[in-house]
């Protein structure tokens, strides 16, 4: 990927980076472990981001 990215792409990548975290422990506790996986998790190599 290029070093100099367009601003729109930077913002999208930043959003995805922030979103790419596990479900907090307190949420799992509160919902009796119904939500264990985060539906929007992604691996940087296994799959591209949507535009």
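The values are calculated or read from the model by the stated rules, or taken from the named source; none is laboratory data. From a predicted model like this one, the values you see are computed outputs, not experimental measurements. Neighbour counts run over all protein chains shown; Cβ positions are idealised from the backbone, glycine included.
Determine which member of the set 47, 8 is outside any loop (DSSP other than H, G, I, E, B) and surrounded by fewer than 11 Cβ atoms within 10 Å (Cβ to Cβ).
8
Scan segment 5-23 and give yes if some residue there is in contact with a helix residue (DSSP H, G or I) (Cβ under 8 Å, 6 or more places away or on another chain) and at pLDDT 90 or above, otherwise no.
Yes, some residue in segment 5-23 is in contact with a helix residue (DSSP H, G or I) (Cβ under 8 Å, 6 or more places away or on another chain) and at pLDDT 90 or above.
Could you list, ordered by first residue, the pairs with Cβ atoms under 8 Å in which the first is in segment 1-22 and within 30 Å of residue 34 (Cα to Cα) and the second is surrounded by 12 or more Cβ atoms within 10 Å (Cβ to Cβ), at least 6 apart or interchain?
13/5; 16/42; 20/42; 21/38; 22/38
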